[in-house]
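Novice: Starting off with a structure, shown below.
The values are calculated or read from the model by the stated rules, or taken from the named source; none is laboratory data. What you see is a predicted model, and the numbers here were worked out from it, not measured in a lab. As a convention, Cβ positions derive from the backbone with ideal geometry for all residues, glycine included, and neighbour counts pool all protein chains shown.
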Amino acid sequence: MTELPVDFSAFHQLNRATYIRYAETILNNRADAEEAVDTCFEKLLRCWEAVLSKENPAGYAWRVLRNCTLDACTARARRPVPFDTAAFHTEALLSAVDPVGQLEESLNLFHHIRMLPPRQMDVILLLHAHGMTTHKVAEHLGITAASVRSNARHAVRRLRELLHLDNDTEGTAG
């Protein structure tokens with residue numbers, strides 16, 4: 001058996017847990033998530049030297065993860081349905097005066113999050129559902145912290161539009 005490159009092993013160790021959490025959110029199944037992540041790392045290993053030569057190896061690896069996760073959905077004849085079960089595990093629901101109303105609100109929000117462009121959805125997922133810092137999200141997606149903040153801002157704006165929330169409460173630049 002050939003030994004893995006040290007830098008690949010380090011990359012794997014640093015990212016595997018986050019990748020599995022992301023894939024599990026999309027696939028709603030731990031075993032399927034682990035399988036998708038294993039496939040991702042196998043693909044990365046096969047072209048590891050090329051990955052390292054890319055301008056943005058972390059961003060490339062994240063795209064491979066996203067594709068492997070979506071391929072797993074397709075292979076299992078499922079639609080990617082991120083967040084649906086997350087609606088049952090929110091702080092807002094646990095402390096709600098009206099849990100049923102809060103659940104309906106959460107499911108509606110999660111439904112609309114799925115409508116965001118992929119990068120915005122990933123940013124919202126990692127920031128809010130997984131509680132990562134802006135810096136950590138930037139590292140995993142291979143983008144700058146400013147790009148994370150920008151994507152989050154655009155995602156929130158889009159969600160406000162989709163949910164028909166009053167944007168005037170934020171104030172407008174004249």
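Novice: I'm trying to understand the selection: among the residues of the range 8-55, which are surrounded by 13 or more Cβ atoms within 10 Å (Cβ to Cβ) and either among the acidic types (Asp, Glu) or not in a helix (DSSP H, G or I) (or both)?
Specialist: Those that are surrounded by 13 or more Cβ atoms within 10 Å (Cβ to Cβ) and either among the acidic types (Asp, Glu) or not in a helix (DSSP H, G or I) (or both): GLU24, ASN28, ASN29, ASP32, GLU34, GLU35, ASP38, CYS47, LYS54.
Novice: May I pose another question? Between GLU49, GLU3, which is modelled with pLDDT of 95 or more and more than 23 Å from HIS128 (Cα to Cα)?
Specialist: The match here is GLU49.
Novice: Could you list, in sequence order, the residues of the range 2-28 that are free of Cβ contacts under 8 Å to residues at least 60 places away in the same chain and either within 15 Å of the chain's Cα centre (by Cα) or on the phi > 0 side of the Ramachandran plot (or both)? Reasoning before the result, please.
Specialist: Narrowing the range 2-28 to residues free of Cβ contacts under 8 Å to residues at least 60 places away in the same chain: 2-14, 16-17, 19-20, 23-24, 26-28.
Residues satisfying the conditions are ARG16, ALA17, TYR19, ILE20, ALA23, GLU24, ILE26, LEU27, ASN28.
Novice: If you don't mind, another one. Show me the helices (runs of 4 or more DSSP H) found entirely inside the range 65-164 where at least 1 residues are farther than 26 Å from GLU34 by Cβ and modelled with pLDDT under 65. If you could, list the steps in order and put the result at the bottom.
Specialist: Values: elements: 91-94, 99-113, 118-124, 134-141, 145-162.
Those helices (runs of 4 or more DSSP H) span 91-94, 99-113.
Novice: If we keep just the residues of the range 134-164 that are farther than 15 Å from ASP122 by Cβ and among the aliphatic types (A, V, I, L, M), which is surrounded by the fewest Cβ atoms within 10 Å (Cβ to Cβ)?
Specialist: ALA146
Novice: Let me ask something additional. Could you check the range 106-149 and list, in sequence order, the residues that are more than 26 Å from LEU52 (Cβ to Cβ), without any contact (Cβ under 8 Å) to a residue 24 or more places away in the chain and in contact with a Ser or Thr (Cβ under 9 Å, 6 or more places away or on another chain)?
Specialist: Within the range 106-149, SER106, ARG149 meet the criteria.
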